[in-house]
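The values are calculated or read from the model by the stated rules, or taken from the named source; none is laboratory data. Just so we're clear, the structure is a prediction, and the values are computed from it rather than from any experiment. Quick reminder, even Gly has a Cβ in these numbers, built from the backbone with ideal geometry, and neighbours come from all protein chains shown.
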Amino acid sequence: MTMNALFVKWVIFVTLINSDFHYCQNIEFSLMSPAQTATEGSCTEIKCKPHDHRYINRDAYWFWMKDANWTKEMGFVGTTIFSSNEAERPVSPEFKNRVNYLTSPKSVMEDPSKVCNILICDLKKTDSGQYMFRYVLGTFKWKTENFNLTVQENPCLITFSQPPTVMTNNNVTLTCSTSISCNSDPQINPLEKQPSPKWLSSHNIVDKNETTKSTNRSFTASWTDDGRKFSCQTTENKDKYLTRSVTLSVEYSPNNVVAKISHQVVKEGDYVTLTCSAKGRPDVTFSWFKNGKQIQEGQLNFTSIKESASGSYFCKAQNKHGTNQSNTLQITVLYPPSVQIQLEPLTRRHNTDVKEGDKIKLTCGVNRSNPQPRPQQFTWFKDGQYVREGKEFIFFSIKPEDSGAYECTAKNSVGLGRSNSFHLNVQYKPQSTVSTSATDRVKVNSFLRFTCDTKANPEPWFSWYRYKQSDPTNWTPLNIEKDLTLDRVQRADEGCYICNASNTVGSGKSSQPKCIQVLFPPTNISLFMGSKVKEGQSITMSCNAESFPLSTFELRKASERFFSQPANEQNSFTHTFNVTSTHAGLYTCIASNSEGSGSSNQRKLEVEYAPKDVRIEPNPGENVKENESFSLTCNAKSNPLITQFKWIRRNKDKDITVSTEKTFTVHSSKPSDSGLYICEVQNVIGSGKSQVKINIKYAPKWTTITKGQEQQLPGGRSSVTLSCSSHSYPPANYNWYNKTDNTRVSGHQNITVYSHQPGEYYCTARNEMGQIKSDSVSLFDDTFMKIMKAVGCLFLILLILGLIFLYRHRMNKANRQRTTNRWPCCNFLLIIQGFCSLCKRPKRRNARTENILTDTSRSRDDLLPQQHCRPLPQQHCRPKAQHQQPRPDVTSTSHHVNVVYSTVNVPYGKQAPSAQRPGGSLQTCVEDDSLNYASLHFPKKKKEEVESVYSQVSKPNPCKQEKLEDYENVNMAPPIKIPYNFDDDSETSDEEEVNYTKVDIIPKPSSKTDSSDSSDSSDSSTSEDETQYSDIKL
């Protein structure tokens, strides 16, 4: 039992181990990161790595899935986003072309660690989910843990529209848009490092629904823009994956058609290829032409070119937009020439041995050549050295130096042909030259050898001669050797040496003389010059010496070189120049030649000159702060010394002397001290001056605003240009502010304000010294006009109230003085609506009636006189005597009422339209006048109740009449004349309107008279014919 139990335990243990082993096999691939957050529209990279590279095999396939679920029947089911074997696992169209494999299947075998790395681009919010990698190798299958991808919403998602294919020279518009909620605008730029196109327009547009905003950029496309790429991204984008790009497609006829040949030089038998290239969209086709005739399409090849292939070739490129021809290729099959030298002696001589003076002609004959060499392409060589060009080489009189080995060459475009060597042997008399072991100038006691260099055929013999340069006809023979040696050269050996050689052909010409001279250093050097001179005058310095060869002279001032010049034939030199102050000092003349040098004695030169190098030293500098002190010190060079200083300040082209001291000081500077300061110095020779500009730095002052004329703009708007100016140094920087909302609107000196930007504006001027603010100006603000209108209305109301108060005051005063029975002039009258139209329309009356006297039986006819009116002062209407009626204010004594009538013309704007009467021949008043009557009742008895009826009152123009009648016509504004319709007979208020107003007034007790007591009498006594006045509240 114990053994069996132990066996069972071991079986269980091994099973568990195997189970663990298979479980471990399920995690052969692990994710680099379990989750990741990405932005909508961008890209994200998912990485995993295998733990054992042995399972990476070419027979395997792998894929990525999204939101995969396991089913027993179908295995893992989900959205396949990438597959290495789409035949086995097709990719979902949703992810087609959006998932990129970060390596290639071939390179996976080389680097298995990248087998499961993918890049998902153009992310959408729906891409959020769980992703899994599946690797299948036969029956072995592995998967990774789920990768959680979260795609966040991107408010700045870019949409870059692909422009349509356009023809060249047409306009292209690139449109890039993003959401309106994005904080930055889309920006379009070319991708390649090429010059940006010349943009025709560039503007931002917000769609009608205000959900997106876009940037449009337009330009004229050319054929070079075909295939050009443009990118779009928001201005604040830093994610390269959020950039969108488009490729421009431009159709155009063939351009840059170029025909090329594989060999620049075509030799017979060469393999030659002719190719044609061009740019065009759509693709172009090619045709080849030889000597104007089409021979072939596409590429033209010659496997072994022959001479018959020579000719002119070109190609044509063609597409649907046109045809263009290439350059012309000229093909010529070439081969090099073959040549030999031919001798044509003009004298009968054996072989090539000739004597000096014979005439010889050598010809370079061409046996075969294509192309034939031109005459200048023949070249002759002697002893391997170039001699001349030409097909023929003629020696009209051959010379000894013409002996040698001759060759000729002929060259064409293919190559060079060379002849065999041809030898010439010229026999000639000796030709001699003399050479020495040293130069022609030798020092005394030096060693010297002369050699007679002779050319002769055959060998020669020699003779030497010498003569003095002063006596060239007296030759002295020396020896007969080839070399002549002088062991110790003496001054007596100075002269010219000649050698002569002879052979069997004859005696040669004597050599050219070789002359020698004895050399010695300069001696007896003298310098001549003046000792004192004024600046600007000329001075002459001369120096001479004895030497051979001639000396080179150098003038030195102190130890510095001043002037140098070779000597003239007299071994001297002269230098004349205009003296300046810098020329003062000690001078020495130095003479030198190849044998040595020497110097003269020193001579001193003193130069007198006016002040120069005048300089001003400003302290602390040229820029001085306001209220600080500064000083100007004037320094100068002069000989003799300066005798006078003068400081001048230039103010508006006016010079003012401010000081005569060397130093000028200002203790407390101010802006007016700025300007140009001139220092003038003087000595006995002349004067000099210098200037410096002093700038006083101060804060801006007197800052003002200049307002321009208001300009009218299209659309009903207007604009005003404001300019800010101030006095300051350094110049001020200007800023503009809107005082209304206290915002900065501009940083320039001038601004333009438009009518839709009303407010109160001011500017500030600022520099390093301080800042100042201008007064403000109001633009496009009608508040002031509103205030003025309100103030005007208030003033008018106060004026009316004042006039009313004055009127009431005078009324009260009139009541107290009622015994005068007069109303004051120029006062407010009771204005009753109605006009004088009743005077001129006696036959037509308004249908409207109104009681005038409540206690009498008088009708309205008693008040309407059917008479003509006569003119009166102030345009009062009075009835004529023809239809005389009793005065309306004279009533029977039984009524005990005193009545006053007044005719008032109200303002024309308030009058009712009056009707015209056809039978108005009896009227003398102005037509369309209306009459308004007021009835005033003054009963004797005091009534308990007072009935007040108010009438419209208008302020009359002041009148100047001195007497007030009981009846008074008041003229106000003229009535409005309204044409009368004669066909309308209706008796309505629109025809003729007569308005009556009843006013009952109870007189004050103080205004009663004695005559009122006798009112009981039945007669119409004159005591009752009395006008009563009372206050009327208007």
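Remarks
- Test: residue in the range 46-59 that is touching a strand residue (DSSP E or B) at 6+ places or on another chain (Cβ under 7 Å), assigned by TED's automatic domain parsing to the domain that holds residue 139, over 18 Å from residue 138 (Cα atoms) and modelled with pLDDT of 85 or more: yes
- Selection from the range 330-349 of residues that are modelled with pLDDT under 80 and assigned to a strand (DSSP E or B): 344, 345
- With respect to the conditions (1) more than 30 Å from residue 297 (Cβ to Cβ); (2) touching a Leu at 6+ places or on another chain (Cβ under 7 Å); (3) among the aliphatic types (A, V, I, L, M), residue 339 falls short on a single one, namely (2).
- Residues in the range 735-751 that are in a strand (DSSP E or B) and surrounded by fewer than 14 Cβ atoms within 10 Å (Cβ to Cβ): 743, 744.
- Hey, residue 592 of a type in the set (Ser, Thr, Tyr), outside the structural domain of residue 683 (by TED's automatic domain parsing) and modelled with pLDDT under 90 or not: no
- Among residues of the range 131-143 being touching a strand residue (DSSP E or B) at 6+ places or on another chain (Cβ under 8 Å) and farther than 14 Å from residue 48 by Cβ, the one that is surrounded by the most Cβ atoms within 10 Å (Cβ to Cβ) is 136.
- For the range 627-641, the criterion of a residue being exposed (fewer than 13 other Cβ atoms within 10 Å of the Cβ), outside the structural domain of residue 670 (by TED's automatic domain parsing) and aliphatic (A, V, I, L, M) is satisfied by no position.
- Answer from 187, 233, 264 - the residue that is over 30 Å from the mean Cα position of the chain (by Cα) and polar (S, T, N, Q): 264
- One residue alone among 155, 93, 163 is out of contact with any strand residue (DSSP E or B) (no Cβ under 9 Å at 6 or more places or on another chain), surrounded by fewer than 19 Cβ atoms within 10 Å (Cβ to Cβ) and either charged (D, E, K, R) or part of a loop (DSSP other than H, G, I, E, B) (or both), and that residue is 93.
- Scan the range 58-101 for residues that are under 23 Å from residue 42 (Cα atoms) and either β-branched (Val, Ile, Thr) or out of contact with any Asp or Glu (no Cβ under 7 Å at 6 or more places or on another chain) (or both) and the total you get is 20.
- Subset of the range 586-627 (residues that are assigned to a strand (DSSP E or B), of a type in the set (Gly, Ala, Ser) and either within 60 Å of the chain's Cα centre (by Cα) or within 30 Å of residue 673 (Cβ to Cβ) (or both)): 610
- For the range 628-654, taking the residues that are touching a residue at least 40 places away in the same chain (Cβ under 8 Å) and in a loop (DSSP other than H, G, I, E, B), the one that is farthest from residue 537 (Cα to Cα) is identified as 628.
- Failed condition for residue 103, given (1) within 30 Å of residue 232 (Cβ to Cβ); (2) at pLDDT 80 or above: (2)
- Criterion violated by residue 504 - all others in (1) surrounded by 15 or more Cβ atoms within 10 Å (Cβ to Cβ); (2) under 30 Å from residue 460 (Cβ atoms) satisfied: (1)
- Being assigned by TED's automatic domain parsing to the domain that holds residue 434, farther than 29 Å from residue 446 by Cβ, at pLDDT below 90 and not hydroxyl-bearing (Ser, Thr, Tyr) is a description that does not apply to residue 612.
- Odd one out for residue 794 among (1) exposed (fewer than 15 other Cβ atoms within 10 Å of the Cβ); (2) touching a Gly at 6+ places or on another chain (Cβ under 6 Å): (2)
- In this structure, residue 723 does not qualify as among the polar types (S, T, N, Q), surrounded by 13 or more Cβ atoms within 10 Å (Cβ to Cβ) and within 26 Å of residue 627 (Cα to Cα).
- Strands (runs of 3 or more DSSP E) completely within the range 372-441 that count 1 or more residues being touching a Phe, Trp or Tyr at 6+ places or on another chain (Cβ under 6 Å), touching a residue at least 40 places away in the same chain (Cβ under 8 Å) and among the hydrophobic types (A, V, I, L, M, F, W, C): 404-411, 422-436
- When 754, 677 are checked against the criterion of being among the aromatic types (Phe, Trp, Tyr) and outside the structural domain of residue 655 (by TED's automatic domain parsing), 754 stands alone in meeting it.
- On inspection, residue 150 does not qualify as more than 28 Å from residue 96 (Cα to Cα) and in a strand (DSSP E or B).
- Take the conditions (1) farther than 26 Å from residue 427 by Cβ; (2) at pLDDT below 85; residue 504 misses just one of them, which is (1).
- Screening residue 126 against (1) modelled with pLDDT of 90 or more; (2) crowded, with 17+ Cβ neighbours inside 10 Å; (3) part of a helix (DSSP H, G or I) leaves a single unmet condition, (2).
- Residues within the range 443-456 that are at pLDDT below 85 and either surrounded by 19 or more Cβ atoms within 10 Å (Cβ to Cβ) or in the same structural domain as residue 595 (by TED's automatic domain parsing) (or both), tallied: 1
- Qualifying residue in the range 294-303 (condition: of a type outside the set (Lys, Arg), outside the structural domain of residue 189 (by TED's automatic domain parsing), closer than 17 Å to residue 323 by Cα and in contact with a Cys (Cβ under 9 Å, 6 or more places away or on another chain)): yes
- Where residue 149 falls short, out of the listed (1) more than 46 Å from the chain's Cα centre (by Cα); (2) at positive phi: (2)
- Only one entry of 278, 259 meets the criterion of being in contact (Cβ under 8 Å) with a residue 60 or more places away in the chain, under 29 Å from residue 165 (Cβ atoms) and not in a helix (DSSP H, G or I), and that entry is 259.
- Top-ranked residue in the range 221-246 [being of a type in the set (Val, Ile, Thr) and free of Cβ contacts under 8 Å to residues at least 60 places away in the same chain; ranked as surrounded by the most Cβ atoms within 10 Å (Cβ to Cβ)]: 224
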